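Trainee: A single structure is presented below for examination.
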Amino acid sequence: MRLLIADDHDLLRDALRSHIERASPGTEVLGVGSVDAAVTALARHRGIELVLLDLRMPGMNGLEGLVRLRTSHPGVKVALMSGEASPEDVRAALAFGAVGFLPKTLPGTALVEAISRLVAGQTFVPEGAAAPEPDSPLAGGASFTRREREVLDFLLKGCSNKEIARALSLEEVTVKLHVRGLCRKLGAKNRTQAAMRAVEMGLAR
């Protein structure tokens, strides 16, 4: 098994590598400190089965680093790591193709077990980490999450994704994810049509 750890903290990266290789003999663990270096490593080293990607490190820009890796190497599994992350971060990561989320506080034995599950094609998310947000009722039995409702309010004001991200303290890529969800639930092809349908349904506030 060949893994790649992408984390800008050298000490943590080396500790993870040492523990994984000791607990799982025969496993080769490579390490890099940025998204750019991860892209290069994946191109240079064939056979990497899983990337453990730090959520907050140079080049990530929210989830843009994840999207970049998934686009450049779609056949490689990518799981996110972080000291802490909101349920919204976890849900967004899974929506953008991550196979799991590993807290850095995960005990060593549990970490190795989670990695094995991910390599085997399963998904790993700590219990409760991606709990759904409270829903608010909509016409037709559909529902929006609280955050989608907030994004919709800004869409109805004609705000751009960048403006919405700034107002809600989100990454722009996360706003794009919510807009995509709004379009799907409203049966719209784009943000303009989504806003129009929301008005027709009496959802403007």
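The values are calculated or read from the model by the stated rules, or taken from the named source; none is laboratory data. Predicted model, so just to flag it, every value in this text is computed and none were measured. Ideal geometry is used to build each Cβ from the backbone, glycine not excepted, and the neighbour counts take in all protein chains shown. Only protein heavy atoms, including side chains, enter the accessible area calculation; ligands, DNA and RNA are left aside. Shrake-Rupley method; radii C 1.70, N 1.55, O 1.52, S 1.80 Å.
Trainee: Looking only at segment 20-43, which residues are assigned to a helix (DSSP H, G or I), more than 13 Å from residue 72 (Cα to Cα), open to solvent by 30 Å² or more (accessible area, probe 1.4 Å) and not small (Gly, Ala, Ser)?
Mentor: If the condition is that a residue be assigned to a helix (DSSP H, G or I), more than 13 Å from residue 72 (Cα to Cα), open to solvent by 30 Å² or more (accessible area, probe 1.4 Å) and not small (Gly, Ala, Ser), then 21, 22 are the ones that fit.
Trainee: Quickly run through segment 82-116 and pick out the residues that are in contact with a Ser or Thr (Cβ under 9 Å, 6 or more places away or on another chain) and farther than 30 Å from residue 148 by Cβ.
Mentor: Across segment 82-116, the qualifying residues are 112, 115, 116.
Trainee: Kindly provide the set of residues from segment 10-19 that are surrounded by 14 or more Cβ atoms within 10 Å (Cβ to Cβ) and not aliphatic (A, V, I, L, M), ordered by number. Let's see the steps before the verdict.
Mentor: Applying the first criterion (surrounded by 14 or more Cβ atoms within 10 Å (Cβ to Cβ)) to segment 10-19 yields 12-14, 16-17, 19.
Within segment 10-19, 13, 14, 17, 19 qualify.
Trainee: OK, next. Looking only at residues that are in contact (Cβ under 8 Å) with a residue 60 or more places away in the chain and in a loop (DSSP other than H, G, I, E, B) in segment 60-106, which one is surrounded by the fewest Cβ atoms within 10 Å (Cβ to Cβ)?
Mentor: For segment 60-106, the residue satisfying everything is 61.
Trainee: Something else about it: Would you confirm whether or not segment 162-177 contains a residue that is open to solvent by less than 30 Å² (accessible area, probe 1.4 Å), touching a Phe, Trp or Tyr at 6+ places or on another chain (Cβ under 7 Å) and over 18 Å from residue 86 (Cα atoms)?
Mentor: Yes, that holds for at least one residue.
Trainee: Taking segment 178-203 as the search range and keeping residues that are touching a helix residue (DSSP H, G or I) at 6+ places or on another chain (Cβ under 6 Å) and open to solvent by 60 Å² or more (accessible area, probe 1.4 Å), which one is modelled with the highest pLDDT?
Mentor: 191
Trainee: State yes or no: is residue 19 in contact (Cβ under 8 Å) with a residue 60 or more places away in the chain and more than 23 Å from residue 170 (Cα to Cα)?
Mentor: Taking the combined requirement at face value, the residue satisfies it.
Trainee: In segment 1-19, how many are assigned to a loop (DSSP other than H, G, I, E, B) and of a type outside the set (A, V, I, L, M)?
Mentor: Residues that pass the stated criteria total 3.
Trainee: Exactly one condition in (1) part of a helix (DSSP H, G or I); (2) modelled with pLDDT under 85; (3) over 21 Å from residue 19 (Cα atoms) is false for residue 130; which is it?
Mentor: The single condition residue 130 does not satisfy is (1).
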